[in-house]
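Peer 1: Structure provided below as structure tokens; questions to follow.
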């Protein structure tokens, strides 16, 4: 489905090698489990994990709906916040100087340490989860946007000013569109952070969500179900990253075009063709 | 002839050092005036002052007699790089100055598309700049400059990024076009042949800080053809200029 996203047709080996290694590892894992080298209760076999995945599908779907809701809400708030703050910080340099160090410091807070506090402050509902996701997702997005704004071609901005454009017009026509690539690179990182962030926040308090479910099955020593959750989280993250790539593809039609080869293409001035007389 | 643009003894300094000094030039209605000089003589700085992007330490810029020093948005300005926005189609790129003036998108597109054939961009309205050849991109940049709607255009080395053959073609087309549009144009170049071929008058900029010491009138009538390049009068102009530039 997503093969269209590739610029060049990938060579078959690009896909075959990683696929072969994954299949090989899973086979090895299965062999180890079947041979009894690893006790079943410690490490369930891949087939058992798949069976658990199938059996607990209704619960998994229920809990992933909660986790996804939190992740999307957190991402949405992060995007909005990153967009507004990055724009303001680009426009007012004092804001940049004041807030940028603070943004960096916010990234040094250990997520696992702050999460219980957030739960303490905001209760067991969705709010602390969303807050934690914003804490981890906002930074890569804001930095990607800021970098893109600040690296806009100064000649282009001068030209816009010479044409009488104000700051808001420069953002609208030059800086925001130029930041699309940067935004999507930031988003690719943020979507996987969002899922992991939601799960961690759920571990530390809550009644539903994949994190809560994970703790529950761990306590009952259902390691096969535990692995099923891990598998599901991986699948969700991969899908979201793919979705981001696809959105980027849709949002940037101009990157898919190629220069028309002939340098003279379009050199037919319909109005009044100028014919150059060749002297013999 | 009416003087449309004038600079009065402009001096611009960067960090205390003058880049251009005491520059007084004028541009008359419908005229094509070249500004020729070696790199570093401050030609682009002068343009940044005239376009209002930079404030000079001394001197004034007069547009139709009115003091417009430091005011942007009055004269059309085009640089060596085409500076087309990669994410906009040709039609949206060229109609950008109209949009900036508050004209709605549909109207702006309609106005702009009327000019596409004249600028050799017919059928290219919905292409992205990345799809165009260098010559086409430069013509699109020229059309955007034209649609800005000022009677005065500043062109900073408009053709220097083009290969020699494309440049010859674009010269011939441009000379033709100028007759139709009736714009008054001040352009920077370091290509002596180009300067003689295109200009009605030429200012020679020399030294550091840059000064305008000489003015040359090219009396050959416009529109000229490329054959002018090989005539004796052309070579005489060239000789004179080379001497003035101490080359």
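Peer 1: I'd like the residue in region A:242-254 that is under 21 Å from residue B:92 (Cβ atoms) and more than 8 Å from every other protein chain (Cβ to nearest Cβ) and, out of all such residues, is surrounded by the most Cβ atoms within 10 Å (Cβ to Cβ).
Peer 2: A:248
So that you can scan it fast, the table gives a plain yes or no per residue for (1) in contact with a helix residue (DSSP H, G or I) (Cβ under 8 Å, 6 or more places away or on another chain); (2) more than 19 Å from residue B:202 (Cβ to Cβ):
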{"position": "B:18", "(1), (2)": "no, yes"}
{"position": "B:21", "(1), (2)": "no, yes"}
{"position": "B:24", "(1), (2)": "no, no"}
{"position": "B:35", "(1), (2)": "yes, no"}
{"position": "B:41", "(1), (2)": "no, no"}
{"position": "B:55", "(1), (2)": "yes, yes"}
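Peer 1: Any idea which of A:164, A:125 is closer than 30 Å to residue B:154 by Cα and outside any helix (DSSP H, G or I)?
Peer 2: Working: A:125 fails: closer than 30 Å to residue B:154 by Cα.
So the residue among A:164, A:125 that is closer than 30 Å to residue B:154 by Cα and outside any helix (DSSP H, G or I) is A:164.
Peer 1: Let me ask you something else. Please return the ranges of helices (runs of 4 or more DSSP H) entirely within region B:1-104 where 2 or more residues are touching a residue at least 60 places away in the same chain (Cβ under 8 Å).
Peer 2: Where helices (runs of 4 or more DSSP H) fall fully within region B:1-104 and carry at least 2 residues being touching a residue at least 60 places away in the same chain (Cβ under 8 Å), they are B:43-50.
Yes/no per residue for (1) in contact with a strand residue (DSSP E or B) (Cβ under 7 Å, 6 or more places away or on another chain); (2) surrounded by 12 or more Cβ atoms within 10 Å (Cβ to Cβ); (3) under 22 Å from residue B:174 (Cβ atoms):
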| position | (1), (2), (3) |
| --- | --- |
| B:195 | yes, yes, yes |
| B:198 | yes, yes, yes |
| B:208 | no, yes, no |
| B:212 | yes, yes, no |
| B:218 | yes, yes, yes |
| B:232 | no, no, no |
| B:236 | no, no, no |
| B:239 | no, no, no |
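Peer 1: Among the numbered conditions (1) free of Cβ contacts under 8 Å to residues at least 60 places away in the same chain; (2) in a helix (DSSP H, G or I); (3) surrounded by 14 or more Cβ atoms within 10 Å (Cβ to Cβ), tell me where residue A:82 comes up short.
Peer 2: (1)
Peer 1: I would also like to ask the following. Looking at (1) facing chain A (nearest Cβ under 10 Å); (2) under 20 Å from the mean Cα position of the chain (by Cα), which is the only condition residue B:155 fails?
Peer 2: Tallying (1) facing chain A (nearest Cβ under 10 Å); (2) under 20 Å from the mean Cα position of the chain (by Cα), residue B:155 fails exactly one: (1).
A quick yes/no check of all residues on (1) touching a helix residue (DSSP H, G or I) at 6+ places or on another chain (Cβ under 7 Å); (2) closer than 30 Å to residue B:111 by Cα; (3) part of a helix (DSSP H, G or I):
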site	(1), (2), (3)
B:143	yes, yes, yes
B:154	yes, yes, no
B:160	no, yes, no
B:179	no, yes, yes
B:221	no, no, no
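Peer 1: Hey, does region B:119-127 have a residue that's over 17 Å from the mean Cα position of the chain (by Cα) and more than 10 Å from chain A (Cβ to nearest Cβ)?
Peer 2: yes
Peer 1: Something else about it: Considering each residue of region A:203-258, count those that are more than 18 Å from residue A:62 (Cβ to Cβ) and outside any helix (DSSP H, G or I), and give that number.
Peer 2: 6
Peer 1: Of all residues in region B:123-136, which are modelled with pLDDT under 90 and closer than 26 Å to residue B:75 by Cβ?
Peer 2: Listed by number, the residues that qualify are B:132, B:134, B:135, B:136.
Peer 1: Can you tell me which residues in region A:143-159 are in a helix (DSSP H, G or I), out of contact with any strand residue (DSSP E or B) (no Cβ under 9 Å at 6 or more places or on another chain), within 14 Å of another protein chain (Cβ to nearest Cβ) and buried (at least 18 other Cβ atoms within 10 Å of the Cβ)? Give the steps one after another, and end with the answer.
Peer 2: Just the residues of region A:143-159 that are in a helix (DSSP H, G or I), to begin with: A:143-150, A:154-159.
Remaining after also requiring out of contact with any strand residue (DSSP E or B) (no Cβ under 9 Å at 6 or more places or on another chain): A:143-150, A:154-157.
Next cut, within 14 Å of another protein chain (Cβ to nearest Cβ) only: A:148, A:154-157.
Answer for region A:143-159, where residues must be in a helix (DSSP H, G or I), out of contact with any strand residue (DSSP E or B) (no Cβ under 9 Å at 6 or more places or on another chain), within 14 Å of another protein chain (Cβ to nearest Cβ) and buried (at least 18 other Cβ atoms within 10 Å of the Cβ): A:148, A:156.
Peer 1: Follow-up question, since we're still on this one. Return the residue satisfying two criteria in turn: it lies in region B:105-118 and is in a loop (DSSP other than H, G, I, E, B) and in contact with a helix residue (DSSP H, G or I) (Cβ under 9 Å, 6 or more places away or on another chain), and of such residues it is nearest to the other protein chains (Cβ to nearest Cβ). It would help to see each step written out before you state the result.
Peer 2: Initial filter on region B:105-118 (in a loop (DSSP other than H, G, I, E, B)): B:114-118.
In the following step, the residues that additionally are in contact with a helix residue (DSSP H, G or I) (Cβ under 9 Å, 6 or more places away or on another chain) were identified as B:115-116, B:118.
Working: B:115: 9, B:116: 9, B:118: 5 Å.
By that ranking, first place goes to B:118.
Peer 1: What is the residue count in region B:69-98 for residues that are facing another protein chain (nearest Cβ under 7 Å) and in contact with a strand residue (DSSP E or B) (Cβ under 7 Å, 6 or more places away or on another chain)?
Peer 2: As a first pass, look at region B:69-98 and keep what is facing another protein chain (nearest Cβ under 7 Å): B:72-73, B:77, B:79, B:81, B:83, B:85-87, B:96-97.
Next, from what is left, pick out any that are in contact with a strand residue (DSSP E or B) (Cβ under 7 Å, 6 or more places away or on another chain): B:77, B:79.
So the answer is 2.
Peer 1: Collect the residues in region B:117-134 that are farther than 18 Å from residue A:257 by Cα and crowded, with 21+ Cβ neighbours inside 10 Å, keeping them in residue-number order. First the steps, then the outcome.
Peer 2: Pass one, region B:117-134, residues farther than 18 Å from residue A:257 by Cα: B:117-120, B:122.
The answer is B:119, B:120.
Peer 1: While we're looking at this one, here's another question. Among the candidates B:211, B:137, which residue alone is more than 15 Å from the chain's Cα centre (by Cα) and more than 27 Å from residue B:1 (Cα to Cα)? Show your work before the answer.
Peer 2: Numbers: B:211 fails: more than 27 Å from residue B:1 (Cα to Cα).
Exactly one of B:211, B:137 is more than 15 Å from the chain's Cα centre (by Cα) and more than 27 Å from residue B:1 (Cα to Cα), namely B:137.
Peer 1: Could I ask something else about it? Return the only residue of A:131, A:113 being farther than 30 Å from residue B:54 by Cβ, touching a helix residue (DSSP H, G or I) at 6+ places or on another chain (Cβ under 7 Å) and more than 14 Å from chain B (Cβ to nearest Cβ).
Peer 2: Details: A:113 fails: touching a helix residue (DSSP H, G or I) at 6+ places or on another chain (Cβ under 7 Å).
One residue alone meets the criteria, A:131.
The values are calculated or read from the model by the stated rules, or taken from the named source; none is laboratory data. None of these values were measured; they are calculated from a predicted model. Cβ atoms come from the backbone with ideal geometry, glycine included; neighbour counts cover every protein chain shown.
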